[in-house]
Structures are given as C-alpha cells and as structure tokens.
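Structure first, commentary second.
The values are calculated or read from the model by the stated rules, or taken from the named source; none is laboratory data. From a predicted model like this one, the values you see are computed outputs, not experimental measurements. Quick reminder, even Gly has a Cβ in these numbers, built from the backbone with ideal geometry, and neighbours come from all protein chains shown. Surface areas here come from the heavy atoms of the whole protein model, side chains and all, with no ligands, DNA or RNA. Shrake-Rupley method; radii C 1.70, N 1.55, O 1.52, S 1.80 Å.
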Amino acid sequence: MAASWSLAAPGVWRVTLQEMQEAKGMTPLTYMNVQPREAALKQMPEVQPPFDWDQVRIEEIRDGLLVSFPLTPSEKLYGTGLQLMRMNQRGRTRYLRVNSDPKQDTGETHAPVPFYASDRGYGVLIDTSRIVTMHCGSTLELADTRAEHVRDRNTNAGWSATPLAARTELRLPKDGFDIYVFGGPSLTDVVARYNLFCGGGVLPPKWGLGFWHRVPTLYTDEQVLEEAEQFRQRGIPCDVIGLEPGWHSQSYPVSYEWEANRFPSPGTFVQQLRAKGMRVNLWEHPYVSPTSKIYEKLRPYAGSHTVWGGLAPDYAMEEAAAQYKQVHETEHVSLGVSGYKLDECDGSELTRNSWMFPAHAKFPSGLDGEQMRQLYGLMFQKMTSDLYRSKNRRTYGLVRASGAAASTMPYVLYSDLYDHKQYIRALCNASFSGLLWTPEVRRAVSAEDWVRRMQTVCLSSLAMLNAWGDGTKPWSYPEVESIVRHYIELRMRLLPYLYTAFAAYRETGVPPFRAMPLVMSPAEIAAAEGHLAEFEQEVLNTTDAAYGKKTTREWDDQYMLGEFLLVAPLVAGETERDVLLPGGVWYGLETGERYEGGQIVRISAVLEIMPIFVRSGAVIPMMPSMPHVPEPGSPVPLTFVHFGEESGEGTLYDDDGETFAYEEGASHWWRAQVTRRPDGSYAGELLGNDQVVPESFSTIAWQFAQTRLPR
Ligand code: GAL
C-alpha cells in the first residue's frame, strides 16, 4: 500500500494513508488536541528516520491493515501503556484494550497506549480510538524463518514456538489512524519526544505532591474532620483527604450532588478542612443517576446502554461536556474542592459483566462502545482539567483509565489489583508511555508488608493511603508507626527536588520517575551485568520468545527519581536484593554506605530502611517536613544537600505552585553549584536568576560532602 511519510515535528514522522483520511474520526491525539512543544523538540539532537521507509510494510487484511516494522535480533521493546506483568514487551502479543482487571499478560490494561519504544532508539505510535494488536516480535513469517534457528522440543525444553522474530506486526482497524515514528537517538530521547509531541509532561500543584489519605465509604463530614485532626495530632503530614462513595446523594450510579445527611454543609466542610491545611478530592464514576439534576439534560447525549441504570453520556459531544463541567463547577469546584478520582472509566464487559457498556453500544457522536471505552478515561481527565484551568487553578487527581497523549494530564493511575512487585513494575512501565502511577497502599498482611508498601508509595508520583474499604490509617500498625512517619516526612523534605523533577518533565519530556532503560544504555546495562562482549557480538536475545526462558533480569523493580536518586524497594519477605547501579560512585541515602557503580551490587536492609541511593556529586534541594505543603506566600527554609567529595551541580525550579502563571513566565530555574576548592573546602552558589532567594524559600543553607542524608 502506498504510504508517504512526512515530518510532523522535529524528529517525528507521520504516515498518512490517503484512502483512510476520511474514516479516521476521533482519536486520542485529536480529542486531546495535542500541541507539540516545538521549541523544546527543536532543541533535541537532530535525527534521521530510524529506517528506510520502504522497510515499513503496510498491507490490507480482511478486517483492517497490517503494518510491520523491522526488528534487530537483540532489540528490546518498552511501553504499550501501563503493563503490570512485564517490562520488555519483546516476544509478546499486546492486545491493547482497556480493562479494569488486567490479571493476565495479554496486554490488556487500565491504560492501553499503542506506543512502543525500542532500545535501538526509535518509537512507534498508532493514533486510533480502536483496539490495536501489537505483535512485538511474537510472530514470524516463512520468508524470515531460518532453518538453523529451529530446534527440537523433544530434546530442548526451552524451545518455544516463535524463533527470533524479524519484524513487529501491528494489526490495525480499517477505519483509520495515523502512524507516527519517533526518533532518538537514545531511548530516553524517544520517550521525551513522544511526551513533547503530546504537549510535554504535567506539572502538578505543589500540594499534590504531599501525602494523601482516602477515608472509608459512607463517612460523614464529622468523621472526616475527626480523622483529619488525628493526622495533625500525631504529626503525620497530610495534604489531601479523598472522599469515597457516600458523599454523592446516590452512587452507583452517581448524582454529583452532595448527600445532605452526611454532608449538610459541604462548603463549610471544605473550608474546615482547608483551615487544617487539607484539600478535598472527590470520588466519582461515569454513570449518571436518574436522581441527578443533570440527568434530563444529559439524556439526549447518552449512549444506547446504561450501566447501574445510569446514563453513559457521550462526552465527545460538546453539549454533554458542558453539562458535566457545569455541575462540577457549581457543586464542587466553586466550593474549593481540589480535584477528582475518576473511577471505573475502564470497566470491561468480559471480566466484570455489568460494569461497562458493550462494544456495540451506540453514541450520538457516531462513536461506538469500543471507541468510547478506549477514550473514556481521557475524556474525564480532559474535561476536569480544562475546568480547573479555566479557573487558573491546578488540579491533581486519580484516574483508572488512560491512553495515548496523556502526558499533560494531571492524573495518576491506580488499580484494584494489589501485588506489590507488579505495583513497582507499573511505576517503571508508566515512564515509557507518558503515564503516572501510584502504588497506593490499602491494607497489609503484616507490619512488614505495611512498611514496605508505604516506603514505595512515598517515593512515587502520588503518595496515598486508600482506606476506602479497609479503614486503615498510617498508624494502623503501631509498632511501625514511626517508620511510616519517617517516609512520609522524607517525601515532604524532598518536595523541592520532586517538584523540580516534574518541572523538567513538563519542559523536556523526561519523566520524573524513570525505568532503568531510560537511565542506562543497553551497552551500559550489559557491561554492569558482566556480559558486554556477548552484547557487542549480538549473541542471542535472551528475552525473545524464541528461547522461552528468560536468562537476563529486566530490572523492572528499581527506578530513578529525578537525576540523582535511585530507588530499589524491598517487598515483604525480602531483606536483601540486587541493585543495578549506573556508573560513578553512589551512597546509601540513609546508610551512608559507599558503592562503586557500573555494576550490580547486593544489598541488605532492615525494615527501617528503604534502599535508596544517591549519586556522588548530587546537589539536592530539600526543605523541612511540615504538616502540609506550604501555601504560596509562606516561605520555608531551603537546604542544598551535596553528596560525595567532588564538585557537583543540581537544579531548582520554583513558581507559585498553584496557578498557571508559570506558563506566562512566572517561573524560575536555578543551578545550585558546589565547588570543591583546592584546599578541600567547599563553596555553594545559586546561579541563573537575578533574584537571590527563590520566593518559596526564606533562607538558603548548604550542606557539603555528605555521604548520607542528615536527619
Ligand atoms: C473501586 C476503586 C476503589 C474504591 C471503590 C469504591 O472501583 O478502585 O479504590 O474507590 O471503587 O467503591
């Protein structure tokens, strides 16, 4: 099929199939109205297309098209959305359908993103609202099959059905899509380009990076206030209280109106929490109750099927979106509610029979159930974030479904599944697809499990205890309360660093939390693992389905937070683990132990310690722990903590933390430079802005040559 590739943005190419243009309809990129960050893209390295375009094949099949890209034998493929089961998708078929219960490794997920990024330094995105099947090197055509690769299962148990694949094969719907190819040169550049093309990364409000607590369902205003007060009494930081089902006058389906017995005076309630320095986040799901004020207004825009007897509105229709925004504005946003948890927009009729409209549902805009489902999560994110933007207030919240082009959205994914290792892997995998993820804590099987989960969540995009069903509190295991408090406080102390990492995400597209392949090149990883020679000779790709068993580790259980911190969580039952350390010298952030990087180190840690490593030469901006994130106009002391013996440099970003004034230039970057003088003493200097002291901070102090974090 004739395809012509054209440059869509610096280092980004698009193919347009003329035959399909009219059929394309609404896609994630068109719905999100993405505005590529051209200036930032232009600053990236210049790249050539990763392949000759005639190596990309596009052919018609019965019910759609097959697009296929060449693969090298050792290439690894990352992304495809929020995958819980594996990090390297090479050798797997990914059926990218939204699913609320992704218990099997089929590719179905809360957030299907038809985007993969190769460690050879390019990426492929399919922009469509249809389900895409990506064969990520799990198929092999006869023409590419080499007899010498074929083995005998009688004698070779490790042998599986697909020898080393020569191509990816992507099965696409007939009714239109765009294909994009992103250049590198590095894998990080590919991901950054994808994020920048979609508008850049999100910058949450500062308070969103504090600690969150969701109270049980059916709590009353008094119960909430009483629980909030306990945080203050116990000195456990908390910025956001989340309300679960029970605050709506009806839920399942929802009314969007307050329940008058539990919340007789919602405005006062929100103000009372605010007076304690806490914000309110509201749970909701997509289906509109017949008792809701907007039911009749939304009815003309509803889909053909109901869920829980509620309407499934067609938010591709402007009129429906306007109704939704209006009820949210008058009932919540105008009272000071800070944001939402957009639940259950990922239901799938196969695993939870009645929780979603069927794929054959019809919607007034012309979308069908399949498309609406793939787009629904994006729609709720966009409608609510547009609403907050119209008030010049930033929001931050939770969503259970997402898709392509979501990097600008102030939303973090979560799940009802609860495997701690999968939660850590999801944190890594989110970084390849422009997504954020919280490994939320709900309950635990032991105090140890409780601590390990709390440690992980405190070093993630959204630090939250979700007690909706269990009624847990950070102090639920009294014997470890002080450890939990310590990690919640550590998160607060790291706020200036964390916020700076998000600001970099917004401006450069490099995610704040990143999986190891975004930190080390394939050669660096191979060298650290001790098999650089095999790597250089392209000896077999040990993770390809061809060889069945996995002989290399994927390092899907550790990640970087910003430039300087490497987080290697432990889960209950573990007291030691291997850690892949990038080159250079590293210190245990809380142990002060010194490690030579560029290798795998075996570490052990008591329950009081989460294995976190800091790069020697790092300069990390920190603040004191506080009951909640400081408001604009309440400056706090800032300390730059420098690690190791050599000179070093860090960055600091600051703005008002709450509005969009940063988009108009009301934001600043500094370089924090530490110099080691010939006599061995150190000097610290803040460079890059005329203002001496960043507005959010009252004083600036330096701590030089640390090997561990001062208490
Ligand atoms: C689930 C959600 C939980 C909780 C619950 C309330 O769908 O994942 O976190 O909000 O609904 O019914």
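General observations
- Here the contact order of region 96-165, divided by its residue count and restricted to Cα pairs under 8 Å and six or more residues apart, works out to 22 percent.
- About the Cα centre, charge dipole magnitude for the chain (Lys/Arg +1, Asp/Glu -1 at Cβ), debye: 580 debye
- Remark: the chain projects, on average over all directions, an area of 31.1 nm² (convex hull of Cα atoms).
- Summarising the label geometry, the points placed 7 Å from Cα in the beta-carbon direction at L417 and Q223 lie 3.1 nm from one another.
- Fraction of accessible area attributable to carbon and sulfur, region 6-197 (%, probe 1.4 Å): 46 percent
- Solvent-accessible heavy-atom area per residue, rounded to whole Å², over region 240-316 at 1.4 Å: 34 Å²
- Spatial separation of Cα centroids for region 485-521 and region 345-419, in angstrom: 25 Å
- Once the Cα-Cα distance is subtracted from the 0.36 nm per residue extended length, the R677 to R708 segment shows a gain of 9.0 nm.
- Other residues with beta-carbon under 10 Å from the beta-carbon of G644 carry, at +1 per Lys or Arg and -1 per Asp or Glu, a net charge of +1.
- Shape class for region 206-497: prolate, because the ratio a/c of the largest to smallest gyration tensor axis (alpha-carbon atoms, square roots of eigenvalues) is 1.5 or more and a/b beats b/c.
- Cα-projected label distance for S604 with S482, points at 7 Å along beta-carbon direction, nm: 2.3 nm
- Protection proxy ranking of 529-536, 298-305, 90-97 - average other beta-carbon atoms within 10 Å, highest first: 90-97, 298-305, 529-536
- Label separation (R14 vs V150): 4.4 nm, computed from points 7 Å beyond Cα along the C-beta direction.
- 3J(HN,Hα) couplings calculated from phi for region 255-265 with the Karplus curve 6.51 cos²θ - 1.76 cosθ + 1.60 (θ = phi - 60°) are, in sequence order, 9, 6, 10, 6, 7, 6, 7, 6, 10, x, 9 Hz; Gly and Pro show x.
- Entry note, the chain: relative contact order of 14 percent, from Cα contacts under 8 Å with a spacing of 6+ residues.
- Protein heavy-atom accessible surface, 1.4 Å probe, per residue over region 31-146: 38 Å².
- Ligands, DNA and RNA left out, the 1.4 Å accessible surface of region 206-497 is 48% carbon and sulfur atoms.
- From the C-alpha gyration tensor of region 6-197, square roots of 5λ in Å: 28, 19, 18
- Environment charge of P627, counting only residues whose C-beta is closer than 15 Å and scoring Lys/Arg +1, Asp/Glu -1: +4
- Cα centroid separation - region 423-481 against region 40-56, whole Å: 39 Å
- Three-way shape call for region 619-706 based on the alpha-carbon gyration tensor, with the a/c threshold at 1.5: prolate
- Qualifying GluC sites (Glu not before Pro) for region 139-191 [loop in DSSP, other Cβ within 10 Å: at most 14]: E141
- Positive-end residue, the chain charge dipole about Cα centroid, Cβ charges, pick of S616, L82, V333: V333
- Counting charges near L570 (Lys, Arg +1; Asp, Glu -1) among other residues having Cβ under 12 Å from its Cβ returns a value of -3.
- Computed from the C-beta positions of T291 and M26, the FRET efficiency with R₀ = 30 Å rounds to 0.45.
- Those residues of region 271-287 whose amide nitrogen sits under 20 Å from the label point placed on R393, 7 Å along Cα→Cβ: 271-285
- Shape class for region 1-87: rounded, because the ratio a/c of the largest to smallest gyration tensor axis (alpha-carbon atoms, square roots of eigenvalues) is under 1.5.
- When a 1.4 Å probe is rolled over the protein heavy atoms, the share of accessible surface on region 550-616 that falls to carbon and sulfur comes to 47 percent.
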